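Everything on this sheet refers to the single structure shown next.
Derivation of every value follows stated rules applied to the coordinates shown; laboratory data play no part. This is a predicted model, so every value here is computed, not measured. FYI the Cβ positions are ideal-geometry reconstructions off the backbone, even for glycines, and counts take in every protein chain you see.
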Amino acid sequence: MLSLHTSPLEQPGTGDAGGMNVYIAQTAIRLAQRGTAVEVFTRATSSELPPTAELAPGVTVRHVPAGPYEGLEKNDLPAQLCAFSAGVLRTEASHAPGYYDVVHSHYWLSGQVGWLARDRWGVPLVHTAHTLAKVKNRALAAGDTPEPQVRVIGEQQVVAEADKLVVNTEVEAAELTGLYQARPDQVAVVPPGVDLERFTPDGRAAARAELGLAPDAVVLAFVGRIQPLKAPDVLLHAAAEMINRDPGLRARLVVLIVGGPSGTGLDRPTVLHELAARLGIAELVRFLPPRPGAALATVYRAADVVAVPSHSESFGLVALEAQACGTPVVAAAVGGLPVAVADGVSGLLVPDHRASSWADALGHLALAPTRWREFAAAAPAHAAAFSWDHTAERLLAVYGQAAAALRTTLEIAV
């Protein structure tokens, strides 16, 4: 697996680490459990990192020196593609020919390297974009910076070269075929999963006690990277609207913002603090740093509702994790979120990003105990339909299909 710009060892929720990191780590672990050894190549971001590290039995993470260790933003990384490719190719050259069977690249930068490795090694290239520039640029948040043209071109090249393209939903499949001219037979829909052993619905009272929340508090939570694309500001505006409608709610309402600045959010790391102050709800908002899985499950369990107001989202693993913990989700009706959330059953989908619409949806669940219990009871069952084990099994099948597609391509070329 190639993951140039972010490592599966990094903590999701800050920098460039997010759902993709979880996806790579979980699928690699499940593949290894099925007898497929996995090596994940990622760019070294510190001189103190070892050349290799074990993520889990059968899963090795290789740290490839490519450019300066610190100070590189994601938009600087195209200049390091040659250096990263050299590190990947040199590693393979130290083994007997045929050491690697499949290359699975994640994100367009890694896809560029995977394209080269595919041609050098004669193995199939499977690519997962995770996000697409053309899709993001169609749904930009106000004031956000569009994805650069170099990314659009790079993505188009990878789509043209990959043997198989793995997507999370049929919506994403249509985006690839419609916006990037991918062949329908080239695209495989493989839904991601959720760790059903870690994210469970037990312990709401204990979770609130651990976070210092009152048993009768109305708790709304956002979990993710702090950047305009993820739209945490929508939750703050909605919370202020809820207070305007019912001033008495101020005594009970708590808004949890869990995550760190990322992407264009790094330019204004205190923007949400400033917004909360302007809206007059600063004392109701608690900012918490990113946290690992067990501590994250505590946040999900403590919340009445988890909000996922993204402007663009290829799937939304946070929504699945929250539902697995028995917490209903209110999400934007974009990308893969209509698949991740069962509208009207385990959560609600909101068609826009207006404060009034979000206040309606959040209040519909968080302020109606009987209705909330119905949704909370249905949420784990919906999440249980998504499994990392199933994802791994489907990926293995796709790898076999990619190998067959490459053989056909080579036979035609001969």
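Enclosing the Cα atoms of the stretch 128-227 in their convex hull gives a volume equal to 157 cubic angstrom per residue.
Dipole size of the stretch 208-367 about its Cα centre, with +1 on Lys/Arg Cβ and -1 on Asp/Glu Cβ: approximately 260 debye, rounded to the nearest 20. Our summary gives the chain a relative contact order of 17 percent, counting only alpha carbon pairs under 8 angstrom and 6 or more residues apart. Modelled spin labels at E48 and A86, positioned 7 Å past Cα toward Cβ, are 2.7 nm from each other.
Shape analysis of the chain yields a ratio of the Cα radius of gyration to the Kirkwood radius, Rg/Rh, of 0.98. Taking a straight Cα-Cα cut-off under 18 Å and skipping sequence neighbours fewer than 8 places away in the same chain, the aspartates and glutamates within cross-link reach of K164 are D101, D119, E155, E172, E175, D185, E393, E411. Going from the residue with the fewest nearby Cβ atoms within 10 Å to the one with the most, E283, E241, E313 rank E283, E241, E313. Below 13 angstrom from the Cβ of A44, what's the summed charge of the other residues (Lys, Arg +1; Asp, Glu -1)? Here the count lands on -1. Of all lysines in the structure, the ones whose alpha carbon falls short of 16 Å from that of K136, not counting any fewer than 8 places away in one chain, are K74, K230. Put simply, the stretch 204-384 fits an ellipsoid with semi-axes of 21, 19, 17 Å; these come from the alpha carbon gyration tensor as the roots of five times its eigenvalues, largest first.
Hey, with R₀ at 60 Å, roughly what FRET efficiency would A368 and K74 work out to, going by the Cβ-Cβ distance, to 0.05? Provide the component values of the computation, followed by the final result.
Working: r = 42 Å, r/R0 = 0.69.
It comes to 0.90.
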